[in-house]
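Report on one structure; see the data block that follows.
Just so it is clear, none of the values below were taken in a lab; they were calculated from the coordinates. Since we're looking at a predicted model, the values are computed, not measured. Here Cβ is always computed from backbone atoms with ideal geometry, including for glycine, and neighbour counts include all displayed protein chains.
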């Protein structure tokens with residue numbers, strides 16, 4: 001039996017269940033991903049929707065914004081490499097460790113875990129003053145629907 005290294009990743013934007021890029025998490029060509037739990041950051045961060053394609057960005061400014069809700073996945077090295085490329089690491093996003101509180105699961109609720117998150121320090125000066133969100137939904141009341149890569153010019 002061979003050992004496959006798995007890494008925990010926290011997703012808060014278009015890769016969550018019900019969002020435009022969720023299918024990428026389960027495309028076997030990208031690697032393997034397994035949903036573990038819903039969670040939220042233990043610290044506050046600004047989660048903003050910005051740019052011409054209405055992309056959700058978690059700004060790496062701990063102590064500002066809100067506790068961000070998302071999902072923890074366990075991914076293999078192939079999926080981690082895919083996600084790094086998809087998220088534009090290291091220029092657009094940086095993969096950093098974040099502390100998370102498990103929510104909505106009776107057995108694990110309140111448990112604190114660590115996972116990688118794709119956050120950014122490469123943002124426009126006005127982004128920290130944009131409306132920030134606790135939970136991202138591409139079709140939310142904000143009216144800023146995400147433009148999929150396939151739909152972009």
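Listing for the model above:
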{"item": "One residue from 78, 52 being more than 16 Å from the chain's Cα centre (by Cα) and closer than 25 Å to residue 31 by Cβ", "result": "78"}
{"item": "Within region 30-60, considering residues that are surrounded by 23 or more Cβ atoms within 10 Å (Cβ to Cβ) and touching a helix residue (DSSP H, G or I) at 6+ places or on another chain (Cβ under 8 Å), the one farthest from residue 146 (Cα to Cα)", "result": "33"}
{"item": "Yes/no for residue 6 being closer than 20 Å to residue 89 by Cα, surrounded by 14 or more Cβ atoms within 10 Å (Cβ to Cβ) and under 12 Å from the mean Cα position of the chain (by Cα)", "result": "no"}
{"item": "Residue check for residue 65: more than 13 Å from the chain's Cα centre (by Cα) and touching a residue at least 12 places away in the same chain (Cβ under 8 Å)", "result": "yes"}
{"item": "Matching residues in region 90-108 - criterion: being surrounded by 13 or more Cβ atoms within 10 Å (Cβ to Cβ) and more than 16 Å from residue 12 (Cβ to Cβ)", "result": "105, 108"}
{"item": "Filter result (surrounded by 20 or more Cβ atoms within 10 Å (Cβ to Cβ) and outside any loop (DSSP other than H, G, I, E, B)) within region 9-29", "result": "9, 10, 11, 25"}
{"item": "Total residues in region 61-88, condition touching a helix residue (DSSP H, G or I) at 6+ places or on another chain (Cβ under 8 Å) and assigned to a loop (DSSP other than H, G, I, E, B)", "result": "2"}
